[in-house]
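The values are calculated or read from the model by the stated rules, or taken from the named source; none is laboratory data. Fair warning: this is a prediction, and the values are worked out from it, not measured in the lab. Cβ sites come from the backbone with ideal geometry, for glycine too, and all protein chains shown count toward neighbours. For accessibility, only protein heavy atoms count, side chains too; no ligands or nucleic acids. Shrake-Rupley method; radii C 1.70, N 1.55, O 1.52, S 1.80 Å.
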Amino acid sequence: QVQLVESGGGLVQAGGSLRLSCAASGRLASIIVMGWYRQAPGSQSELVAVTFSTGITNYADSAKGRFTISRDNAKNTVYLQMNSLKPEDTAVYYCMCSGRLIDGRNSGTNWGQGTQVTVSS
């Protein structure tokens, strides 16, 4: 019903920057929340940042001041600008979205395939 395609991951040195992108497509009528989670090896998945259709954003403490989430509603695309990257930011980053399908049903939470971010020291 819903597909999420991520891009922008890669290898960067500590202190560097990366920009992740995620485009949603499919039978979506509206997106209520869109954002990013990450999972490092041996760790649980954790929220990085999300943005709501109201304009409200929510960041993990570890992301505040370094990461910026933004959204292009016309393109159903969410971005994560990551600056001052640290080795502890190394993880697979997953895009997510939730909203309404064109038939009125809740879309549930949909996930992308993940993109690897590796920060070297």
- Per the filter on the stretch 74-101, residues assigned to a strand (DSSP E or B) and of a type in the set (Val, Ile, Thr) are Thr77, Val78, Val92
- Query: Tell me, which residue of the stretch 27-43 that is open to solvent by 20 Å² or more (accessible area, probe 1.4 Å), of a type outside the set (Ser, Thr, Tyr) and within 11 Å of Val92 (Cα to Cα) is modelled with the lowest pLDDT?
  - Reply: Pro41
- Mind listing whichever residues of the stretch 50-59 are open to solvent by less than 60 Å² (accessible area, probe 1.4 Å) and of a type in the set (Phe, Trp, Tyr)? Tyr59
- Note on the structure: Checked Gly42, Gly65, Gly104 against criteria (in contact with a strand residue (DSSP E or B) (Cβ under 8 Å, 6 or more places away or on another chain) and in a loop (DSSP other than H, G, I, E, B)); the one match is Gly104
- Query: Considering the stretch 65-75 alone, what residues qualify as being open to solvent by 50 Å² or more (accessible area, probe 1.4 Å) and either of a type in the set (Asp, Glu) or touching a residue at least 24 places away in the same chain (Cβ under 8 Å) (or both)?
  - Reply: Arg71, Asn73, Lys75
- Mind counting the residues in the stretch 1-26 that are of a type in the set (Val, Ile, Thr) and either over 15 Å from the mean Cα position of the chain (by Cα) or open to solvent by less than 40 Å² (accessible area, probe 1.4 Å) (or both)? 2
- Note on the structure: Only unsatisfied item for Ile56, checking (1) closer than 14 Å to Arg19 by Cα; (2) without any contact (Cβ under 8 Å) to a residue 40 or more places away in the chain; (3) aliphatic (A, V, I, L, M), is (1)
- Among the numbered conditions (1) open to solvent by less than 60 Å² (accessible area, probe 1.4 Å); (2) of a type in the set (Ser, Thr, Tyr); (3) within 12 Å of the chain's Cα centre (by Cα), tell me where Ser62 comes up short. (3)
- Inter-residue pairs, beta-carbon under 8 Å, first at positive phi and in the stretch 7-35, second at pLDDT 95 or above and among the charged types (D, E, K, R), 6+ apart: Gly8/Arg19
- Task: Run Arg71 past the list (1) farther than 19 Å from Thr109 by Cα; (2) not in a loop (DSSP other than H, G, I, E, B) and report the number of the one that doesn't hold.
- Result: (1)
- Log entry, pairs with first residue in the stretch 76-97 being open to solvent by 10 Å² or more (accessible area, probe 1.4 Å), second being in a loop (DSSP other than H, G, I, E, B) and polar (S, T, N, Q), beta carbons closer than 6 Å, six or more apart or on different chains, reads Asn83/Ser17; Pro87/Ser121
